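Read through the structure below, which is laid out as structure tokens, and then see the notes.
The values are calculated or read from the model by the stated rules, or taken from the named source; none is laboratory data. What you see is a predicted model, and the numbers here were worked out from it, not measured in a lab. We place every Cβ from the backbone using ideal geometry, glycine too, and count neighbours over all the protein chains shown. Note: areas computed on protein heavy atoms with side chains; ligands, DNA, RNA excluded. Shrake-Rupley method; radii C 1.70, N 1.55, O 1.52, S 1.80 Å.
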Amino acid sequence: MELKIAVLAGDGIGPEIVGEARKVLDAVAARYGHTFIYKEAPVGAAAIDATGDPYPASTHAVCEESDVVLFGAIGDPKYDNDPKAKVRPEQGLLRMRKSLGLFANLRPLAVFDSLAERSPLKTELVRGADFVCVRELTGGMYFGRPQGRSEDGNTAYDTCVYTREEIERILHLAFKLARSRRKQLTVVDKANVIATSRLWRQIAKEMGPQYPDVQLDFMFVDNAAMKIIQCPTAFDVIVTENLFGDILTDEASVISGSLGMLPSASVGAKVALFEPIHGSYPQAAGKNIANPMATILSGAMLLEHVGLAKEGKAVRDAVNRAIEQGIVTEDIANKGEKAYSTTAVGDFVAAQI
Ligand code: IPM
Ligand code: MG
């Protein structure tokens, strides 16, 4: 297969982890006879420095012309503490999601058996947890307008908007995903308080009969935040709006033992995008210590998305072997055992393909 991959490494540890994922993809190409053509483009703070725009038109064009996008991370501390900054790296990410039509963000959470003990939660509680959070990605408060400040600067407002069309398309995707798994779908909302949640709930109930084999239930987001920690094995597929999904998936990541292990896929229109769920981790940038597994596993999702199931599995198996043999970075290394560098982990995984 010939595949055009846009590579948007971004900020912080982005270039390092994306480099390791590419190493692994190259090993897949060599082993299985595929041709992967990479095209790099700037995004985030790196793009602001180069062009003044966190998601320049030229980068958008590279994404549109590709089959898939491999994304690293964006964010730079120099923008975080400046409430007056006019351009922010995050704006680029949001614009990219919207303009590529990436309305669904799939964040799978699985506990690697050999890492279960690394979880801050009790091992017996997390062992066997395996669910996917489907986060709506191009609506809700992130994009609702008006958003801003009153003239005197003392009042601020955001708007949360969802249309029937936006809700239906993400629910269809979530129902179908549940159908391919353990057939249980949990809609997470705040229907006891907010209007958009009530519309989500109404539409999910209307759609339920189209998926009679899927068991549909509802949970308020505050309760879900508690249940995810108390009983993570109870979930199969969770579907929720943008802001709730952002928060719940960071929370869920601790179950697996490290934020550095979790990949994600964003899908919707033509081009799909694959990225680790962690951020740019600026403290680790350039030190060759960041965990490349989430990005490598995002590469596995990328392969599976384009129909290369065998190749995706080869990557997952290689990651498992690295974990079993302790070839891992410091965030998941066992106490007293050697931690490996970002590049050493990437080399090992690539060599296993
Ligand atoms: C994520 C991130 C982004 C989000 C930030 C960087 C804008 O936290 O992908 O989860 O809030 O969506
Ligand atoms: Mg987030």
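Would it be correct to say that Ala314 is of a type in the set (Gly, Ala, Ser) and not in a helix (DSSP H, G or I)?
Answer is no for this residue.
Give me the residue from the range 253-281 that is assigned to a helix (DSSP H, G or I) and away from ligand 2 (no atom under 11 Å from the Cβ) and, out of that set, surrounded by the most Cβ atoms within 10 Å (Cβ to Cβ).
Checked the range 253-281; the qualifying residue surrounded by the most Cβ atoms within 10 Å (Cβ to Cβ) is Met261.
Given the conditions (1) within 29 Å of Tyr162 (Cβ to Cβ); (2) in contact with a helix residue (DSSP H, G or I) (Cβ under 7 Å, 6 or more places away or on another chain); (3) in the same structural domain as Lys310 (by TED's automatic domain parsing), and given that Ala27 satisfies all but one, which numbered condition is not satisfied?
Tallying (1) within 29 Å of Tyr162 (Cβ to Cβ); (2) in contact with a helix residue (DSSP H, G or I) (Cβ under 7 Å, 6 or more places away or on another chain); (3) in the same structural domain as Lys310 (by TED's automatic domain parsing), Ala27 fails exactly one: (1).
Can you pull out the residues in the range 219-238 that are within 16 Å of ligand 1 (Cβ to nearest atom) and surrounded by 18 or more Cβ atoms within 10 Å (Cβ to Cβ)?
Val221, Ile228, Ile238
So, Arg31, is that one more than 20 Å from Tyr281 (Cβ to Cβ), within 16 Å of ligand 1 (Cβ to nearest atom) and in a helix (DSSP H, G or I) or not?
Considered against the rule, which asks whether it is more than 20 Å from Tyr281 (Cβ to Cβ), within 16 Å of ligand 1 (Cβ to nearest atom) and in a helix (DSSP H, G or I), Arg31 comes out as no.
Which residue is nearest to the chain's Cα centre (by Cα), if the candidates are limited to the range 176-196 and must be open to solvent by less than 60 Å² (accessible area, probe 1.4 Å) and among the small types (Gly, Ala, Ser)?
Ala178
Residues that are crowded, with 17+ Cβ neighbours inside 10 Å, within 16 Å of ligand 2 (Cβ to nearest atom) and in the same structural domain as Ala272 (by TED's automatic domain parsing): which helices (runs of 4 or more DSSP H) entirely in the range 43-125 hold 3 or more of them?
Result: 89-99.
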